[in-house]
Structures are given as C-alpha cells and as structure tokens.
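Enquirer: Mind looking over this structure? Questions follow.
The values are calculated or read from the model by the stated rules, or taken from the named source; none is laboratory data. Please read these numbers as outputs of a predicted model, since none were measured by experiment. Cβ placement follows ideal geometry from the backbone for every residue including glycine, while neighbour counts extend to all protein chains displayed. Surface areas here come from the heavy atoms of the whole protein model, side chains and all, with no ligands, DNA or RNA. Shrake-Rupley method; radii C 1.70, N 1.55, O 1.52, S 1.80 Å.
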Amino acid sequence: MGHVIVVDLGFGDAGKGTVVDRLCEEPSATAVVRFNGGAQAAHRVVARDGRAHTFAQFGSGTFTPGVRTHLSRFMLVDPLALAGEADHLRALGVRDAIDRLTVDRGALLTTPYHRAANRARESARGAARHGSCGMGVGETASYALAHDDAPRAGDCLSPARLRRRLTALRDWYHDTFPPRGAFPSGGGVPDVDACVDAFTAFGEHVRVVGGEHLRGLLREGDVVFEGAQGVLLDEWHGFHPYTTWSTTTFANAETLLAEADETATRLGVLRTYATRHGPGPFVTEDADLTAALPDTSNGTGPWQGAFRVGHLDAVALRYALDVTGGVDGLAVTHLDVAGARPDLRVCRAYDVNGRRVDRLEAGPPGDLARQEALTSRLFAARPVYVPLGDAEETIEDALRTRIVLHSHGPTSAHKHLT
C-alpha cells in the first residue's frame, strides 16, 4: 500500500474517516497521523460489527487492533475532549486507545479559554456568522500567531511553565472578552489551577514525543495521514471568510514526510453529491436534496448551523484539485446513494452574470482579498447541470482522475480498492 495522505476535496463530511478505517485494515498499515485541525473533526466510522464512533482526535483506524495514532505538531490538541473520546472508545471495547496514542510536544493546546473566546466572537457576528464548530480551534491558532508563549503539549510535562502560560491565556481572555465589552461574554471558564491539574494528568497518561518519533513510525510500516475538514475550507485557498484556521490541503502532511525523506500517495475523497455545513457559498445547493438526504451524523448544530446538500459540483472539485496540485487517485463515497437516485445531477459549469465558467482560477496562497472576491463571485453563480448518469464514469471524466477506492455503504465491508 505505501504511505497514503487522505484529504477531503470538498467542504468536509465526504467520508474521510470511513476511508481511513478501510485503509487501516490493510496488513501493512500500522499508524494514523493527524496533520491538521483539532477536536472539531467529526469522522464517523461504523465498524463491521456495528459499533460506531465519531473520531475527532484519535485516528479513524483505531477500531483495527494495533493501529496507532500520532498527533503531529500541526494538530491542535484538546486534552479534555480527548479524554471524553477515549472514554467512549473504552465503552465500545477499545480499551487501549490511549496506550496507542502519541502527541508531538510542539502541538498547540486548545483550552476552555480558547473555546469560550471562540463562542463569544462568533456570537458577536450575529447574522453575519462565518460558521464555526464552537470548539476553540480558530482561537487556538490565532492566539498562537500573536503570542510566542501559547501553551503546547510539551508544557504538560512542566507544571510551572504550563501554569505561567495558562495564566497569561486566562488573563488575555478576560481582557479581550469582558462581560460589558464589545463581545458578549463567552461564559464562565475554569480557574487556572483546575486547568493545570487536568493538563498535567494528560501529560502523565499520554506519551508526549519529539519529532524523531514520526520518522520511526514511517519506517516501521505504512502510515495513513488523516486530514480534517476539506480543501474548499482551507485557510488560504478556501472561500474566505467562510473558512477554517487550518491548512486542509496535503501541505502539512508532505512537510512531515519530506522531513523524514519519505513520500506518499495523495488520495482525494468526495461524495457522489455535495454537502456543506453552515454558511458560505454553495452553488449546487438544493433544498429538495437537503430534505431527501438527511445525514444522521451531521445534523444542525448551534455553532455549525444547518447541514446543506446539493448536486455534485465538478467546478469546485476541479478547483480543489488545482490548489492542491492534483491527486494520485480518488476515493468516492455514497455510490449507493447515486445508484438509488436517478435525479442526481452534476454541475459541469457555472453561469456567472451570463458568462459560462468551467474552471475557477487558483491563486497564490495568502491573498485573502482575492479569495473574498472569489466568494462574492460564487454567491452570484448559477449551476449549469447535466444528469449525473453513471457516477463513477462521470466523476472520472469530469476530474480526469481514476477512482481507486469505491464505497457503497458505511462500513469497510462496503468498500473496495482497485
């Protein structure tokens, strides 16, 4: 199999977790590496025996005995959420998930202060919300950009340093989000002592390692790099401002691989129809499909907003391939839905103010004004449809890329590799 990087080519929710779960059943697979995002990830996996878990920080291959999880330095680690996830896995019979987990000491820590700040800032936007999971991931990233002393996983091994950094973070939160300030209060937060105790316990139970650990993992067996969210939400290439504070492309994974002189297959994941959670442009959205294709694991949430469904968008997917530099193969999920829904269509082009647009131009990363202008164009775009027909043939033709993993249902038994 070799090392594989799994990235969602859409707005997320395409089934990355189920793809990773299937890949980790290959005999050569030994570990999953998480390389972006944090506890806001929601990768639902249904095991062959019916057990179900929504993976957030543990790798989605954890149901397979022996497969390890490594949280790289690009992950934003929430120790409290991770403990809750471990408890759920333990209740499902996976009692050694923590024993199979390692965390890079450089990974940023997400704390209750970040979460409260996230919710206060998003609430203040009112009807102009950007969309958020309310888990504090964006605030973790933005705080670290402005503060060199942002708490990291390695600090959990040094209580004195951890206390200093958490105290500075707590003070920043109270200064930035006073009850009668510009933002509504983010709510009550625990005192520093409680956070220090919880995070120190995390450091005692989880193995915190240096960068050399990943190099060893990559030489012991095949590693699956599991991405979070989707390329169309990328912090630099997504449709700003309805994006995430995370690099959702292959970039972080390939940085880690290059440091170890390793390479990997690039696998792009998509559904046979399009989905999006929360606000932002969604050219192929269809209210009838949203009503007809509910997703039990993706309901409307108080922070994310509504789960939206639309037809397959070849224009947006071509854009995702362009900004990532292409993929070696596609993993296509929900082929069973396409087989049962002859009314599904594919958007081959947009009509933007009377002009046909087949491809969105990919610009250099970092030009957020350009990305915001692109977003405005998408709000004005109208889809040009043709029938979906044979989903696999249509996708391979529209994206000029071969499908290597075919998924006709929720478990790994419904997936086959070609």
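Enquirer: Given R₀ = 35 Å, what would the calculated FRET efficiency be for VAL386 paired with HIS416, taking r from the Cβ atoms and rounding to 0.05?
Expert: 0.80
Enquirer: May I ask you to derive the relative contact order of the chain, considering only C-alpha pairs under 8 Å and at least 6 residues apart, and to give it as an integer percent?
Expert: 20
Enquirer: Next question. May I ask for the angle, rounded to the nearest 10°, between helix 314-324 and the longest principal axis of the chain, with both axes built from Cα atoms and the value confined to 0 to 90°?
Expert: 50
Enquirer: Please give the helix 112-124 orientation as an angle from the longest Cα principal axis of the chain, in degrees from 0 to 90, rounded to the nearest 10.
Expert: 50
Enquirer: What FRET efficiency comes out for the pair LEU157/ALA362, r = Cβ-Cβ distance, R0 = 41 Å, nearest 0.05?
Expert: It comes out at approximately 0.45.
Enquirer: Determine how large the accessible area of MET1 is when every protein chain is in place; take a 1.4 Å probe and give Å² rounded to the nearest 10.
Expert: 90
Enquirer: I need the calculated FRET efficiency for the pair ARG377 and ALA340, taking r as the beta carbon distance and R₀ as 30 Å, to the nearest 0.05.
Expert: 0.35
Enquirer: May I pose another question? Of the labelled options (i) 155; (ii) 254; (iii) 137, which one gives volume of the Cα convex hull per residue in Å³ as computed for this structure?
Expert: Comparing each candidate, only (iii) matches the computed number.
Enquirer: What residues from the range 78-92 fall in the zone where the backbone N is under 14 Å from a label point 7 Å along the Cα-to-C-beta line of HIS205?
Expert: So the set is 78-91.
Enquirer: Out of GLU254, GLU361, GLU25, any idea which swings most in a Gaussian network model of the chain, alpha carbons joined below 10 Å?
Expert: GLU361
Enquirer: GNM on the chain, C-alpha springs below 10 Å: top fluctuator among ASP49, ASP351, ASP175?
Expert: Fluctuation is largest for ASP49.
Enquirer: Give me the accessible area per residue for the chain, probe 1.4 Å, as a whole number in Å².
Expert: With the other protein chains kept in place, the chain gives 39 Å² per residue.
Enquirer: Helix 159-176 versus the longest principal axis of the chain: what angle, 0 to 90°, nearest 10, using Cα atoms?
Expert: The two axes meet at around 60 degrees.
Enquirer: Say we join alpha carbon atoms closer than 10 Å with springs in a Gaussian network model of the chain; which of SER60, SER142, SER72 then has the biggest fluctuation?
Expert: SER142
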